[in-house]
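To start, the structure itself, in structure tokens.
Please treat every number below as a calculation from the coordinates, not as lab data. No experiment lies behind these values; they were computed from the predicted model shown. Cβ placement follows ideal geometry from the backbone for every residue including glycine, while neighbour counts extend to all protein chains displayed.
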């Protein structure tokens, strides 16, 4: 079974850090995550997974946890991306990554890129 990429792990950690009241609970649920599918859309990605549902769900009223906006390294280029952790009945189920484009303008087609090669650089304001 595939593993989370280094970018996905970095983003999930930043999402947990950004929600201190439920950070430990997010980390506990994510430690049980088993990747099911990763879809490279060319504009971003959806990484779907299942977590242990014998652990209590997150006490979160929305269907998503907004993640960071970040600079991501793609080869020798920098891409601006945003992230969302989607929830299903309080359980994390999908990490979405989407691009805003490159700092100088324009988009980058990710279809031919191995998503495992994307690297977290830093969160952006």
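Here the label points at residue 69 and residue 21, each 7 Å from Cα along the C-beta direction, are separated by 2.5 nm in the simple model. Convex hull volume of the C-alpha atoms in the stretch 18-66, normalised per residue: 97 Å³. Note on 96, 62, 71: ascending count of other Cβ atoms within 10 Å places them as 62, 71, 96, the fewest first. Working from Cα pairs under 8 Å separated by at least six residues, relative contact order for the chain is 28 percent. Comparing mean-square fluctuations of 27, 38, 53 from a GNM of the chain with C-alpha springs under 10 Å, the top value falls on 53.
From helices alone, the chain scores -5000 deg cm²/dmol at 222 nm; the rule is -39500 (n - 2.57) for each run of n ≥ 4 DSSP H residues, then divide by the residue total. Return the FRET efficiency for the residue pair residue 114, residue 31: r is the Cβ-Cβ distance, R0 is 22 Å, and the value is rounded to the nearest 0.05. E(calc), rounded to 0.05, equals 0.30.
Remark: the stretch 10-125 projects, on average over all directions, an area of 7.2 nm² (convex hull of Cα atoms). As a proxy for reagent exposure, 14, 74, 37 were ordered by neighbouring Cβ count within 10 angstrom, fewest first; the result is 37, 14, 74. Across 23, 93, 31, mean-square fluctuation computed from a Gaussian network of the chain (C-alpha pairs under 10 Å connected) peaks at 31.
In a fully extended conformation the segment linking residue 78 and residue 98 would gain 5.8 nm over its present Cα-Cα distance, using 0.36 nm per residue.
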